[in-house]
């Protein structure tokens, strides 16, 4: 067992349960060897999915920069950074009661549910990393947590980015428990995207297939928002 990972029993709303320690013994097996065709198919967008999509999926799935570490540690730290951002975003928006501008009450309901989910995601990733977890950055979201329309658009963008980020790293994850955790999170992020889209009229599914995003592309986008201030 890799001593750097403290998996124990990771629980993301009950999605990843007992047996993490035992399953970790299987982490040296290649996930792509077991399910390479399936991964290529999910990432694809044409009739011959495996042949057309595999190169694009691999290009999008480059691991995070070495500043995050190596292997699964780097991927978990990368994911935790994104989850910290989302958690702080929803915490501040909820504190500012940004959903009050929506007379239907749907934005407030969305905000309460998603805030709870993102908090659970952060706790799960911190549990997996143990002492290797990064500290929470400082954030300044400006109008995104005070103006209703800006909040809704930002929430949609962040959730879509989260789906692309997790999808982009799936093929790089060596640990089965960590892969299961990532999968259990990405499906929730996708539901968040659909929920805010249904409230705002934004595209629920812009295309039949989600596009995996490289860590570099995701982090570059986050940097451009200037939400992280320290």
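Since every read-out is calculated from the coordinates, none of them should be taken as a lab result. Remember, predicted model here, so these are calculated numbers, not experimental data. Here Cβ is always computed from backbone atoms with ideal geometry, including for glycine, and neighbour counts include all displayed protein chains.
Gap in Å between the Cα centre of region 82-132 and the Cα centre of region 175-230? Each part reduced to its Cα centre gives a spacing of 14 Å.
Counting other C-beta atoms within 10 Å, which of 184, 198 has the fewest, and how do the rest follow?
198, 184
Full extension of the chain segment joining residue 104 with residue 224 gains 40.0 nm, where the gain is 0.36 nm per residue of separation less the Cα-Cα distance. Across region 61-225, the volume of the C-alpha convex hull divided among the residues equals 104 Å³ per residue. Neighbour counts of other Cβ atoms within 10 Å put 68, 78, 89 in the fewest-to-most order 68, 89, 78.
Put in line by how crowded their Cβ is, counting other Cβ atoms within 10 Å and starting with the fewest, 147, 102 read 147, 102.
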